[in-house]
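No lab work stands behind these numbers, since they all come straight from the coordinates. Just so it is clear, the structure is predicted and the values come from calculations on it, not from any experiment. Every residue, glycine among them, receives a Cβ derived from its backbone with ideal geometry; neighbour counts consider all protein chains shown.
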Amino acid sequence: MKGEGGQQKGIGSPAVSAWGESYAQSRTSGAMRFASNQKEQISGLEAELRRAQAVTPALMAGMLALAEARRSAPGSCDQADRIRHLIRAEAWTDGALALLEFGLPQWKLRCITYEDSEWFCSLGKQWPLPAWLDDVVTVSHPVLPLVILTAFVEACAVTSCATEAVRTVPSVQPAVHDAVCCDNFF
């Protein structure tokens, strides 16, 4: 890639890193605005992933924004900084795996295989259970980091749907008075 003055700009150059950081910051602030409407954000990322042929800093920044919007635990800033460092280094597979661990700590990588020019990635919530008993997300893509990112977004969609379903169930208040047995056993 040629920069100003015909200089060659390589991987990890200041111009690429600055662009990735500014885009990540804009996407992160955008994620805060869209935190109330994660379905829209997830569907936008799904569409980006369907069109993608390779991982870009912008795509990874969008994924990180989704993960940060979903998670506000103490100590998560260090993990997010580590992912940003991996994005600047263009370590896409390591970044995707770190993003999975950061954004969905309850989901685990069950299986990742390469077969017939296609990568298959399977995520599950409860590792020791067989796949038919667990909530499993299985996706395929020709590019390894993109298959991990696609599985991440699918798991986010499943998790947000499950959270929505739980929120719509009315809560039942416990009885305030004592229970008394009224049967006559004589």
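Residues 121, 77, arranged from fewest to most other Cβ atoms within 10 angstrom of their Cβ, appear as 77, 121. Charge tally around residue 146: other residues with Cβ under 15 Å, Lys/Arg +1 each, Asp/Glu -1 each, net -4.
Taking the fewest neighbouring Cβ atoms within 10 Å as the starting point, the ordered list for 51, 110 is 51, 110.
In this structure the amide hydrogen of residue 110, modeled in the peptide plane, comes within under 5 Å of the amide hydrogens of 122, 123, 124, none closer than 5 places in sequence on its chain. Counting other Cβ atoms within 10 Å as a rough exposure proxy, the listed residues 45, 97 run 97, 45 from fewest neighbours to most. The C-alpha radius of gyration of region 70-144, expressed as a fraction of 2.2 N^0.38 Å, stands at 1.24. Can you figure out the FRET efficiency of residue 120 with residue 183, using R₀ = 45 Å and their beta-carbon distance, to the nearest 0.05? Computed FRET efficiency for residue 120 and residue 183: 0.15.
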